[in-house]
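K.L.:
Below is a structure I'd like to ask you about.
Every number here is computed from the coordinates shown, using simple stated rules; none is lab data. It should be emphasised that the depicted structure is a prediction, and the values quoted were computed from it without experimental measurement. In this analysis, Cβ positions are derived from the backbone assuming ideal geometry, glycine residues included, and neighbour counts consider all displayed protein chains.
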């Protein structure tokens, strides 16, 4: 069953750049990797190449853990963990828009050298995270 993420946390997710995505294979062996993501219309979208371990794990077991956190001192620690599952999305017009959002979010413009690298890769498998449980922390409230 999907749960709602509070509005303030959507803002936080939109401000951060890197998440950690935890997956597990069919034997339960965990795999965690940093991943870029896009927040759009109160949903979290990720893309990954079909050759990646995380993609293979999600095919076998679509339950995932998604963590975004920030801060370097205790009074700055803040974050959210989302447990849920992934939905695979088709290659369609939204898929094209996702790639543009991603490029703008991480490279700014198509003139950035990283843009050419991303464009040279095969189209990623687009996925939407469906939250089932969340946990948040914000130590800045105690500062």
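K.L.:
Restricting to the range 102-120, count the residues that are within 14 Å of the chain's Cα centre (by Cα) and surrounded by 15 or more Cβ atoms within 10 Å (Cβ to Cβ).
P.N.:
The number of residues fulfilling the criteria is 2.
K.L.:
Mind listing whichever residues of the range 9-25 are surrounded by 15 or more Cβ atoms within 10 Å (Cβ to Cβ) and part of a loop (DSSP other than H, G, I, E, B)?
P.N.:
Result: 16, 25.
K.L.:
Mind counting the residues in the range 26-40 that are in contact with a strand residue (DSSP E or B) (Cβ under 7 Å, 6 or more places away or on another chain) and either exposed (fewer than 13 other Cβ atoms within 10 Å of the Cβ) or assigned to a loop (DSSP other than H, G, I, E, B) (or both)?
P.N.:
3
K.L.:
Is it true that some residue in the range 116-126 is in contact with a helix residue (DSSP H, G or I) (Cβ under 7 Å, 6 or more places away or on another chain), without any contact (Cβ under 8 Å) to a residue 40 or more places away in the chain, under 23 Å from residue 32 (Cα atoms) and assigned to a helix (DSSP H, G or I)?
P.N.:
yes
K.L.:
Could I ask something else about it? Check whether at least one residue in the range 62-82 is surrounded by 15 or more Cβ atoms within 10 Å (Cβ to Cβ) and farther than 25 Å from residue 7 by Cα, and report yes or no.
P.N.:
Within the range 62-82, one or more residues are surrounded by 15 or more Cβ atoms within 10 Å (Cβ to Cβ) and farther than 25 Å from residue 7 by Cα.
K.L.:
Filter the range 1-25 for residues that are touching a strand residue (DSSP E or B) at 6+ places or on another chain (Cβ under 8 Å) and under 20 Å from residue 125 (Cα atoms) and give the result.
P.N.:
Once the filter is applied, which keeps residues that are touching a strand residue (DSSP E or B) at 6+ places or on another chain (Cβ under 8 Å) and under 20 Å from residue 125 (Cα atoms), the range 1-25 yields 18, 19, 20, 21, 22, 23, 24, 25.
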